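The structure under discussion appears below in the form of structure tokens.
The values are calculated or read from the model by the stated rules, or taken from the named source; none is laboratory data. No experiment lies behind these values; they were computed from the predicted model shown. Cβ sites come from the backbone with ideal geometry, for glycine too, and all protein chains shown count toward neighbours. Side chains included, ligands, DNA and RNA excluded: accessible areas come from the protein's heavy atoms. Shrake-Rupley method; radii C 1.70, N 1.55, O 1.52, S 1.80 Å.
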Amino acid sequence: MFRILFFLIIVVSAVEIALFVWLGNVFNVWFVLFGIILTGLLGALLAKQQGLGTMNRARLELSRGRAPAEEILDGLAILIGSVLLFTPGFVTDTIGFLLLIPQTRKPVKLYIKKVLLEKIRNGSIKVFRHY
């Protein structure tokens, strides 16, 4: 897992640098800097809005006596999306925005659920219920 993560970090960094250089040549450096700052600000606002909404839905679920499972997955996706948005780069910003928008976050949540259910079935993850 570490090797895959390390490889992804190297590849994404190289792609980001290449994109910065290419956009800097096509437009100019100020365009690239403005884009980085703008996506960071918009991302921060969207992350705050989505995060607060998810927290409020989680509180509502808890007050009804239900586990906030969907909200936990939403919160995880919002956290990862926020971190990606604070990382300078247009590729990471795009992925970050996709994780912050509820409609585009849904396929990621479905994938995470599928992986978790498979790990529960094969015994990699054990679930203990407290009544």
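Rolling a 1.4 Å probe across the protein heavy atoms gives the chain an accessible surface of 75 Å² per residue. Look at the alpha carbon pairs under 8 Å that are at least 6 residues apart: their mean separation over the length of the chain gives a relative contact order of 21 percent. Our estimate of slack between Lys113 and Leu45, defined as 0.36 nm per intervening residue step minus the Cα-Cα distance, is 21.8 nm. Computed from the C-beta positions of Leu38 and Asn122 and an R0 of 41 Å, the FRET efficiency is 0.40 to the nearest 0.05. Placing Leu46, Leu5 in order of accessible area, with the largest value first and a 1.4 Å probe, yields Leu5, Leu46. Each of Gly75, Gly43, Leu8 was placed along the dipole of the range 1-110 (beta-carbon charges, centred on the mean Cα), and the one lying farthest toward the positive end is Gly75. Solvent exposure of Ile125, expressed as accessible area, is near 60 Å², computed with a probe of 1.4 Å over the protein chains only. Per-residue Karplus couplings for the range 27-33, computed as 6.51 cos²θ - 1.76 cosθ + 1.60 with θ equal to phi - 60°, are listed in order as 9, 6, 5, 5, 4, 5, 4 Hz, Gly and Pro entered as x. Nearest 0.05, what FRET efficiency do His130 and Val83 give at R0 = 30 Å with Cβ-Cβ as r? According to the calculation, E is roughly 0.45. Only protein atoms count toward the accessible area here, which uses a 1.4 Å probe; on the range 1-90, the carbon and sulfur part of that area reaches 79 percent. Of the residues Ala44, Ala77, Ala18, the one that moves most in a GNM of the chain with alpha-carbon contacts below 10 Å is Ala18.
Computed from backbone phi, the HN-Hα couplings of the range 58-70 come to 5, 4, 4, 4, 5, 5, 8, x, 10, 6, x, 4, 4 Hz, rounded to whole numbers (Karplus: 6.51 cos²θ - 1.76 cosθ + 1.60, θ = phi - 60°; Gly and Pro given as x).
To the nearest ten degrees, helix 90-100 and the longest principal axis of the Cα atoms of the chain are 30 degrees apart. Just check the range 69-131 against the gyration tensor rule for me: Cα atoms, a ≥ b ≥ c as the square roots of the eigenvalues, rounded for a/c under 1.5, and otherwise prolate or oblate depending on whether a/b exceeds b/c. Judged from the Cα gyration tensor, the range 69-131 comes out prolate (a/c at least 1.5, a/b above b/c).
Computed from phi, the 3J(HN,Hα) profile of the range 73-81 under the Karplus parametrisation 6.51, -1.76, 1.60 (θ = phi - 60°) reads 5, 4, x, 5, 5, 5, 4, 5, x Hz, with x in place of Gly and Pro. On the basis of the beta-carbon distance and an R0 of 30 Å, Thr104 and Val29 show a calculated FRET efficiency of 0.50.
Among the listed options [x] 16.9; [y] 14.8; [z] 15.7, the one matching Kirkwood radius over Cα pairs in Å as calculated from these coordinates is [x].
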